[in-house]
Every structure is written in C-alpha cells, then in structure tokens.
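Only one structure is covered here, and it is reproduced in the block below.
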Amino acid sequence: MSAELMSSCVRHSLDCQQFMNETTDKKSGAFYITTTLPYVNADPHIGFALEIVKADVIARLHRARGEEVVFNTGTDEHGVKIWRKALDEKKDTQAYVDEYAAKFDRLKSALNLSYTHFIRTTDVHHKAAAQEFWRRCDKAGDIYKKNYRVKYCVGCELEKTESELVDGACPIHPNLTLEIIEEENYFFRFSRYQEPLLELYAADAALVVPEHRLNEIRRFVSDGLQDFSISRLKAKMPWGVAVPDDPDHVMYVWFDALVNYISTLGWPEDEKNFRRFWPGMQIAGKDNLRQQSAMWQAMLMSADLPNSRQILIQGFITVEGAKMSKSAGNVVDPFALVDKYGTDAVRYYLLREIPAYEDGDFSYEKFEARYNGDLANGLGNLIARVATLGEKVSPMPQIAPDDAIAREIARVREAYEKTCAEFRFSEALGAVWELIATADKYINDTKPWTLKDDPAALRKIIANAGILVDAIREFITPFIPETADKVREQIIVDDDTVKIQKRGNLFPRLP
RNA sequence: GCCGGGGUAGCUCAGUGGAAGAGCGCAACACUCAUAACGUUGAGGUCGUGGGAUCGUUCCCCACCCCCGGCACCA
C-alpha cells in the first residue's frame with residue numbers, strides 16, 4: 001500500500017470514529033442500546049425482529065470498537081389488554097406472561113442476538129424502580145389527580161379512544177351511543193415540558209434520527225401538550241404496578257414500561273452502573289416516536305435524570321405491499337423463516353432489503369431473490385471458488401496486495417463506515433457486495449485456473465483474492481456473524497500466512 | 001382541512017442547471033475455478049401534468065394531479 005493511500009485510510013478511519021463518537025457515550029468506552037419492549041399480547045412478528053436485529057448490529061459494531069456494551073430488550077407485561085387476554089384464555093395472568101416472555105426470549109437463539117439484558121416489567125426490581133420513578137415525578141410536582149373521561153362502547157365492553165372512533169362512534173357498533181365514564185386518575189404534567197422539550201430538540205439535531213421524525217415530534221410538541229393519564233383504577237384493572245401510597249390505583253402501562261430503560265441498568269440503587277451506561281440509545285418503530293422522544297424525555301426531566309442520547313426510529317414492514325395484521329392473516333413469523341432459510345439469511349434480508357428509515361416490504365419472492373442473488377450466487381459462490389482455487393497452494397505466505405485492490409478495499413471501507421454510522425445498513429451491505437463483485441471480476445480477469453504449472457503466479461492471485469475475502473468477512477461480521485465465522489473456517493488470512501481449506505457451501509441455492 | 005415527505009427503466013431506488021444512472025429481471029456473447037454460478041455487451045425512460053424564468057432544466061419558480069406519513073393515551 002502506498003504511503004499516500006495509507007495516510008488517506010488512516011484519515012478516513014479517524015473521521016468516522018469522530019462521527020460515531022457524537023452519537024455514542026462520551027464517557028470511557030461504554031455504550032448502551034435498548035429496543036422497545038414488545039407488548040406480550042401477540043407472538044413475535046417480523047417487525048420486531050427487524051428492530052432487534054438492527055439493535056444487535058449496532059451493539060456488535062460498538063463491541064468491535066472495543067466498547068463495553070449493554071444491550072437491553074425484554075417484555076412489557078402489564079395493562080388491560082394483557083389482563084383481558086389472559087382472562088379470555090382462562091389462564092393465570094402471571095402464567096400467561098411467563099409463557100410469552102419465554103417465547104420472546106427464544107428470538108435470541110433464533111436470530112443470534114447478542115443482548116446482555118432481558119427485562120420483564122413484572123420483575124420485582126423493575127416494579128420497585130417504577131415506583132421510585134413515580135415518587136420523584138410526584139416530588140417534582142408533576143403528578144396530580146383529576147377526573148378522566150373515557151368513552152365506553154357497551155357492545156364491545158371496552159373503553160374507546162378518539163382515534164379508534166369513526167364519525168364519533170364505535171366502528172364495530174356504529175348504532176350504539178358511547179357512554180361517558182368518569183373516573184379519577186393520576187395525571188402527569190406533560191404540558192409543563194413543552195418548552196424544555198423544544199429546547200432539547202434544538203440543542204441536539206441528532207437526538208431523533210431520521211431528521212423528518214425529529215421535525216414530526218417537534219411539530220407535535222409545538223402544537224401544545226396535554227397532560228396524560230398515568231394510572232388506572234385497581235378495582236377495574238388490577239394488572240399493573242401499584243401506585244405508591246394509594247392502594248386504589250395501579251400505574252397505566254406506559255408509565256411503568258418506559259422506566260425499564262433505566263431499571264434494567266440497576267437504577268436507582270446501582271448508581272455506578274447507571275452513570276456508566278446512561279444516557280443510552282433507543283431504537284423504536286415509528287408508532288413509538290411520541291412515547292420515546294416526547295413522553296419519556298419529559299418523564300426523565302421530571303425525575304431529574306439525563307435525557308436519552310439518541311432515538312432511532314424505523315418504519316414498518318409490509319407484506320406484499322399490504323399492512324401486516326392479524327385480521328388480514330398475513331403476519332410473518334420470524335421463527336418459521338429461520339427454520340426454512342436459516343438465521344443469517346433472515347438477518348441479511350432484514351438488513352439489506354428494508355430501508356433504514358422508511359417502510360420496507362417482505363415477500364417470499366423478494367426473500368428468495370435476495371437469497372439466491374446475494375447469498376448463494378454472490379457471497380457463497382465467491383467463497384467456494386476462492387477455496388477451491390486456493391486449496392492447491394495452501395498454506396502460503398501472505399503477500400502485499402496490488403494497489404488497485406488495496407484502494408478498492410479502502411474505498412469500500414470509507415463508504416461502509418459512513419453508512420454504518422448513520423445506521424444505513426442496507427447501503428453498507430450494498431458497498432460490501434461491491435467488493436464481492438470486485439473479487440469475482442478479479443478472478444475472471446486473472447484466470448487462476450490456467451496457472452496450474454505456475455504456483456508463484458497463483459499464490460499472488462490467491463493473496464489478492466484472500467485479502468478481499470478477509471475484508472468482506474470483517475465487514476459482514478456484525479451483520480451475519482455466523483457466516484463470517486464460516487468464512488474464516490475456510491479461508492484464514494493472517495498478516496503473514498494464508499490457509500485455505502474447502503468446506504461445504506455457505507448458502508445452497510434455492511430451487 | 002392543516003403540516004411534512006414523495007412521483008426517474010418491468011421492479012426497488014440513486015442522482016445532477018451543461019450528452020439520463022445502479023441493482024434485480026430480460027436477451028445475446030464469452031468462460032469453466034465455482035452453487036446451471038461468475039464476467040462482458042445490449043434492449044428498455046417525453047425523469048407525474050401544464051405553464052414560467054434560463055443560452056440550456058429531470059434539477060430552479062408557479063399551478064394542478066396522484067401516493068405516503070403526522071395532526072394525543074395505538075405497547
């Protein structure tokens with residue numbers, strides 16, 4: 001590698017490091033990321049799989065930089081919907097949520113996730129933390145009681161929110177008049193935080209990513225905030241965290257659930273761990289924008305705790321262009337996908353096909369096209385051909401790569417680091433696949449299969465191909481770690497030697 | 001209705017005031033190390049519609065049409 005090229009690589013690497021530092025903990029090598037906690041009234045679906053796989057990639061990228069990472073996920077287990085569902089299924093509520101928590105935890109092995117913490121909102125410690133959080137907001141004067149009016153549909157036997165109504169009536173029972181029920185609830189003084197929230201958004205334009213989501217929440221806050229209800233009458237719905245010093249109320253599920261992001265760190269008792277990892281990064285779907293970037297931030301201010309470091313908002317996954325829903329019967333089960341295609345194929349699809357910040361689509365046709373096109377014909381085939389060609393000269397001393405090859409790797413590295421820092425993983429993988437094309441073309445051009453009688457020339461080609469493969473392996477490691485390991489089992493490129501031993505195909509072509 | 005984002009190749013999308021791009025799909029050619037893989041070449045677009053400013057616009061301005069998201073208790 002030329003001196004000029006070398007210094008340019010170093011420079012880029014420094015730039016990217018600086019960029020990522022802005023979005024991570026400014027303190028000593030600690031990084032914290034959390035998903036939202038899925039509500040356990042339905043099985044895990046592919047949308048949550050996307051969220052947690054992305055979080056996993058971010059966690060792995062930070063670990064690769066030598067940081068200590070806390071990666072949190074878990075389950076949200078309180079609230080009326082869960083309580084009713086357990087009743088419907090004639091199950092003990094705790095037994096019901098235990099079953100679901102176990103189901104969600106199985107995503108860890110199915111998707112090869114590296115989370116370090118799995119919190120359940122029914123954990124004893126979490127409940128105590130939620131109560132302490134409540135006390136702090138109360139002490140700050142942000143909690144008060146007032147009458148709460150809810151609309152109730154006698155037909156559904158359920159309370160209805162405005163957004164559920166069509167022309168002011170229940171869409172399922174449009175002929176029934178909604179009853180108004182008044183009950184006394186505790187409220188959080190959200191309205192008090194309009195200005196502080198706007199200041200927060202103004203102070204850090206990268207707090208919410210992408211930018212249009214920051215604009216969306218800024219407008220929402222600008223339009224004025226109403227205090228929101230944070231408790232429910234225990235007599236009507238007992239499945240919640242007890243409100244401190246008031247046996248008649250339990251916390252509304254929002255309030256308790258959001259506290260998980262810090263209770264999982266041991267807050268409030270473990271001050272040291274909390275200070276080391278908080279503030280952290282949060283990833284959430286677009287339906288969670290308000291809760292994460294406004295409500296939770298106001299709650300943190302009220303409790304006199306630092307705001308989140310960054311909130312990454314992603315889109316939804318549609319299925320063949322249609323919204324995924326239980327009633328449509330088109331919900332995609334991540335476990336079934338993994339059974340059929342394997343963990344890394346599923347991870348790859350989610351990360352490559354779904355855009356970073358917008359809605360993406362799933363279909364079996366697209367999935368299989370990605371699988372065959374990118375994984376079987378692309379990555380898998382390249383590894384197979386390099387392994388077969390290289391086996392003949394293995395082991396061999398490593399030779400410095402051609403300038404053109406080194407330059408191409410440096411170019412891709414720059415694009416890779418930039419797009420990863422902005423969480424544009426689809427584009428990062430696109431850049432890595434350009435390197436696969438480079439390697440394929442290099443092999444076609446140099447025709448190593450014609451050099452059976454010229455081992456020196458063959459070694460040079462294998463050295464270059466090996467450097468490319470090893471760069472590809474490094475780049476895909478956070479995305480499809482198991483595959484990266486399998487590449488290294490076949491093609492081991494170290495500073496001074498290259499060892500190659502052919503094994504089975506990474507991704508057999510689908511028929 | 002108000003606010004925001006979009007309409008570019010069959011599909012998914014990138015892009016620039018100065019001769020329209022990528023990937024996938026399709027066709028032809030070439031190759032045989034490799035998973036009927038890989039490579040090369042090619043076909044295919046009045047860059048939503050109509051005006052305007054400009055020497056010149058897919059890009060700037062105006063109007064209109066269409067799509068998507070947000071406009072409070074959706075875990």
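The values are calculated or read from the model by the stated rules, or taken from the named source; none is laboratory data. Remember, predicted model here, so these are calculated numbers, not experimental data. With ideal geometry, Cβ positions are generated from the backbone for all residues, glycine too; neighbour counts draw on all protein chains shown.
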Could you tell me which numbered condition residue A:91 fails, if it satisfies all but one of (1) of a type outside the set (A, V, I, L, M); (2) at pLDDT below 95; (3) assigned to a helix (DSSP H, G or I); (4) loosely packed, with under 15 Cβ neighbours inside 10 Å? (3)
Go through A:429, A:458 for me and flag whichever is of a type in the set (A, V, I, L, M, F, W, C), out of contact with any Ser or Thr (no Cβ under 8 Å at 6 or more places or on another chain) and either assigned to a loop (DSSP other than H, G, I, E, B) or over 21 Å from residue A:378 (Cβ atoms) (or both). A:458
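Mind listing whichever residues of region A:385-405 are among the polar types (S, T, N, Q) and either more than 39 Å from the chain's Cα centre (by Cα) or modelled with pLDDT under 90 (or both)?
Taking region A:385-405 as the starting set, the residues that turn out to be among the polar types (S, T, N, Q) are A:388, A:394, A:398.
Correct list: A:394 only.
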Across region A:156-204, which residue is farthest from residue A:294 (Cα to Cα) among those that are surrounded by 11 or more Cβ atoms within 10 Å (Cβ to Cβ) and among the polar types (S, T, N, Q)? A:177
Just to verify a result, which residue in region A:43-88, among those that are of a type in the set (Asp, Glu) and more than 16 Å from RNA strand B (Cβ to nearest atom), is nearest to residue A:343 (Cα to Cα)? A:56
Taking the condition away from RNA strand B (no atom under 14 Å from the Cβ) and at negative phi, does residue A:498 pass? yes
Log entry, pairs with first residue in region A:444-462 being touching a residue at least 60 places away in the same chain (Cβ under 8 Å) and within 11 Å of residue A:393 (Cα to Cα), second being within 11 Å of RNA strand B (Cβ to nearest atom) and small (Gly, Ala, Ser), beta carbons closer than 7 Å, six or more apart or on different chains, reads A:462/A:390
Among the residues of region A:384-409, write down those that are farther than 14 Å from residue A:469 by Cα and either in contact (Cβ under 8 Å) with a residue 24 or more places away in the chain or among the hydroxyl-bearing types (Ser, Thr, Tyr) (or both). A:391, A:392, A:393, A:394, A:395, A:396, A:397, A:399, A:400, A:402, A:403, A:407
Which numbered condition trips up residue A:119, out of (1) modelled with pLDDT of 95 or more; (2) more than 15 Å from RNA strand B (Cβ to nearest atom); (3) within 30 Å of residue A:479 (Cβ to Cβ)? (2)
Given the structure, is residue A:419 more than 21 Å from residue A:374 (Cβ to Cβ) and within 14 Å of RNA strand B (Cβ to nearest atom)? no
Residue pairs qualifying under the 7 Å Cβ cut-off, at least six apart or on distinct chains, with the first in region A:109-137 being more than 21 Å from residue A:256 (Cα to Cα) and in contact (Cβ under 8 Å) with a residue 12 or more places away in the chain and the second being of a type in the set (S, T, N, Q) and crowded, with 18+ Cβ neighbours inside 10 Å, are A:110/A:343; A:111/A:343; A:112/A:343; A:115/A:72; A:115/A:73
Output the residues belonging to region A:410-426 that are touching a residue at least 60 places away in the same chain (Cβ under 8 Å), among the charged types (D, E, K, R) and part of a helix (DSSP H, G or I). A:413, A:414, A:417, A:418
Failed condition for residue A:478, given (1) away from RNA strand B (no atom under 13 Å from the Cβ); (2) part of a helix (DSSP H, G or I), with all others met? (2)
Flag if residue A:256 is charged (D, E, K, R) and under 18 Å from residue A:203 (Cβ atoms): no
Working carefully through the options A:385, A:347, find the one that is of a type in the set (Lys, Arg) and within 8 Å of RNA strand B (Cβ to nearest atom). A:385
Given the conditions (1) within 22 Å of residue A:190 (Cβ to Cβ); (2) touching a Lys or Arg at 6+ places or on another chain (Cβ under 7 Å); (3) not aliphatic (A, V, I, L, M), which single one is not true for residue A:280? (1)
If only one of A:296, A:267 is among the aromatic types (Phe, Trp, Tyr), closer than 23 Å to residue A:241 by Cβ and more than 22 Å from the chain's Cα centre (by Cα), which one is it? A:267
Just the residues that are more than 28 Å from the chain's Cα centre (by Cα) and either more than 8 Å from RNA strand B (Cβ to nearest atom) or over 17 Å from residue A:145 (Cβ atoms) (or both), please, taken from region A:216-238. A:222, A:223, A:224, A:225, A:231, A:232, A:233, A:234, A:235, A:236, A:237, A:238
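Restricting to region A:358-371, and then to whatever is part of a helix (DSSP H, G or I) and more than 7 Å from RNA strand B (Cβ to nearest atom), can you tell me which residue is surrounded by the most Cβ atoms within 10 Å (Cβ to Cβ)? Quick ask: steps written out before the conclusion?
As a first pass, look at region A:358-371 and keep what is part of a helix (DSSP H, G or I): A:364-371.
Subsequent filtering for residues that are more than 7 Å from RNA strand B (Cβ to nearest atom) retains A:364-368, A:370-371.
Working: A:364: 14, A:365: 9, A:366: 14, A:367: 21, A:368: 17, A:370: 18, A:371: 23.
Looking at the filtered set, the residue picked out is A:371.
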